[in-house]
């Protein structure tokens, strides 16, 4: 069977809302990882069989197949095709799955999986145009009417905190640790190999001399005491979810260069990791964010591994209870989980987050000489992706 390997993985730094990336067009920002992947691997872009990118809000500047527009913006030959997919927050992780699975199936030799989301310019919810109808039809609404109906992700996080008996203090402790770990990782240069510097654009969208290469959302001075002062965001009384224990609204783009092992070898490129297993899972669309639990179990079973075999875990910090409930169910060692911080500190650029986390996972495995890495993330509508990779060199 053909093996799919990762040759390289990159991302932009996370730009906070109205921050350093606010004036980037999504297609142009998405082109930056594409250009970097071919340039730093001395690769002829004409050999790329396909580009698959995740994007959640496919409207406005992110509409009309932003992946194809990114390919053209990157200066790739017009012969290189591209498609844009939406599996909510896991979109670019799913893009990686589709790309790697295409290699394994023999449909591709070289493919790029990635994602983009410029949330400053295309905010969450933009793709729901109420004048054109509501996304949940009567049958879906009727199905869950007896349980009070579908709710927001924030309320889903509140329900998870209740179900797994997670206190506000526990959530804030986890969140403060995310900032502290991210600050340490930045200070030690752990992200330098994955972050690609991009120019800061002025309000006329002209490049300035300033380069943006450091995640903007990290607050090193975050403590349980400072986070405790924040008001609940989704419940007026007894709420546990705040802006401080939720992921940050973020602009960013990411990309992963995937090849068959034979193709990488023929080009003299180093295969940095191989894909060991993939899984997707559906979960209750009301609590919505518990999918990483069954997805992790499924992917470990397919990889014939246990959670103790995993050296590094990246699980998206959509909300603090997502990770803590997952830990209670899997028994994962938290010293191996999000060791360089997560979306609470580094941000969550929706469609770009899966490939972003894959870049971080790969680099941390290499830094620590770990063997197996696990990436998993919850997704809107009650789903999750999970991927196991194995470091090769």
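Whenever a residue of the range 221-237 is at negative phi, its partners that are surrounded by fewer than 16 Cβ atoms within 10 Å (Cβ to Cβ) and part of a helix (DSSP H, G or I), lying with C-beta atoms within less than 7 angstrom and at least six residues away or across chains, give the pairs 224/169; 230/243; 233/243. In the range 107-219, counting only helices (runs of 4 or more DSSP H) that sit wholly within it, the ones holding 3 or more residues that are surrounded by 16 or more Cβ atoms within 10 Å (Cβ to Cβ) span 153-163, 168-187. Does residue 96 satisfy the condition of being touching a strand residue (DSSP E or B) at 6+ places or on another chain (Cβ under 8 Å), outside any helix (DSSP H, G or I) and within 16 Å of residue 3 (Cα to Cα)? In short, no.
Of note, residue 29 does not satisfy the criterion of being at pLDDT 95 or above, closer than 21 Å to residue 269 by Cα and touching a strand residue (DSSP E or B) at 6+ places or on another chain (Cβ under 8 Å).
Every condition in (1) closer than 23 Å to residue 379 by Cα; (2) touching a strand residue (DSSP E or B) at 6+ places or on another chain (Cβ under 7 Å) is met by residue 64 except one, and the failing one is (2). Inside the range 150-183, can you point out the residues that are in contact with a strand residue (DSSP E or B) (Cβ under 9 Å, 6 or more places away or on another chain) and farther than 22 Å from residue 140 by Cβ? Those that are in contact with a strand residue (DSSP E or B) (Cβ under 9 Å, 6 or more places away or on another chain) and farther than 22 Å from residue 140 by Cβ: 161, 171, 175.
The values are calculated or read from the model by the stated rules, or taken from the named source; none is laboratory data. Being a predicted model, the structure only gives us computed values, none of them experimental. Every residue, glycine among them, receives a Cβ derived from its backbone with ideal geometry; neighbour counts consider all protein chains shown.
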